[in-house]
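The structure appears right after this line, and notes come after that.
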C-alpha cells in the first residue's frame, strides 16, 4: 500500500514537473550516476584521462574513481572543499576559476569530461555556457564522452541518448566528433 502511494506520488510529480528542491537534487544525482554507470564500459575502451569540472564535495569524483580506478582523474574547482577521502591527490587537483584553469588542459585527449557546474540561475548558467562547450570539446579526445548538467551547444558535440529512466533535459551526454 505504501509503495503504491509512493509510486503514485512520484508519477504525479513527474506529470506536473513540480517538485521540491530535495526531490530535484535527488533526481539530478540519480541521473548523473545512471549516466556515468551507463557510459563506463564505452569510456574504458578509449584512451585518456577523466576530467571532473566542478569537484564540489567530491561525491562524483569518488564515484569516478570507483568506475575508472586505472585512470588519471583530474578535478577542477575554485577551492578545495571535498570531504577528506574524496579529495584528489595534489597533482590531480586544479584550483581556480574553471574557465581559466581548464584551458591549460585543452589538447589533453580526455576519454571523459564531466561538468556539474550549473547553478540553477539562468543568468549565471548563460555566462557559463559562453565558455563551457568550447572547453569540453577542447579537452576531449575524438570520440570522447562529455557528460554535463547543462546543455552544451557545439558543432563538434553529438548528443547521445539518455539511459532509460533519465528524463530529457535533466542531464546531457555527448560524443566529441
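The values are calculated or read from the model by the stated rules, or taken from the named source; none is laboratory data. Just so it is clear, the model here is predicted, and its values are computed rather than measured. Note: ideal-geometry Cβ built from the backbone for every residue, glycine included; neighbour counts use all protein chains shown.
Things to note:
- Just one of the listed residues (34, 41) is over 19 Å from residue 150 (Cα atoms), surrounded by fewer than 17 Cβ atoms within 10 Å (Cβ to Cβ) and modelled with pLDDT of 95 or more, and it is 41.
- Residue count for the stretch 67-85 satisfying the condition of being touching a helix residue (DSSP H, G or I) at 6+ places or on another chain (Cβ under 7 Å) and farther than 23 Å from residue 171 by Cα: 1.
Yes/no matrix, rows are residues, columns are (1) closer than 20 Å to residue 147 by Cβ; (2) crowded, with 16+ Cβ neighbours inside 10 Å; (3) touching a residue at least 12 places away in the same chain (Cβ under 8 Å):
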site	(1), (2), (3)
81	no, no, yes
90	no, no, no
120	yes, no, no
125	yes, yes, yes
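- Residue under evaluation residue 165, criteria (1) touching a helix residue (DSSP H, G or I) at 6+ places or on another chain (Cβ under 7 Å); (2) modelled with pLDDT of 95 or more, criterion not met: (2)
- Among residues of the stretch 18-35 that are under 16 Å from residue 52 (Cβ atoms), those with a beta-carbon under 8 Å from a residue that is modelled with pLDDT of 95 or more and part of a helix (DSSP H, G or I) at least six positions away or on a different chain give the pairs 29/59; 32/60; 33/63.
- Take the conditions (1) modelled with pLDDT of 95 or more; (2) out of contact with any helix residue (DSSP H, G or I) (no Cβ under 8 Å at 6 or more places or on another chain); (3) assigned to a helix (DSSP H, G or I); residue 3 misses just one of them, which is (1).
- The sole residue among 21, 28 that is at pLDDT 90 or above, over 30 Å from residue 142 (Cβ atoms) and out of contact with any helix residue (DSSP H, G or I) (no Cβ under 6 Å at 6 or more places or on another chain) is 21.
- Among strands (runs of 3 or more DSSP E) entirely within the stretch 102-177, having at least 2 residues that are over 24 Å from residue 45 (Cα atoms) and in contact with a strand residue (DSSP E or B) (Cβ under 6 Å, 6 or more places away or on another chain) singles out no element at all.
- Just one of the listed residues (141, 102) is modelled with pLDDT of 95 or more, closer than 23 Å to residue 57 by Cα and crowded, with 16+ Cβ neighbours inside 10 Å, and it is 102.
- Tabulated pairs, the stretch 93-113, first in contact (Cβ under 8 Å) with a residue 24 or more places away in the chain and on the phi > 0 side of the Ramachandran plot, second surrounded by 17 or more Cβ atoms within 10 Å (Cβ to Cβ) and part of a strand (DSSP E or B), C-beta under 7 angstrom, 6+ apart or interchain: 109/141
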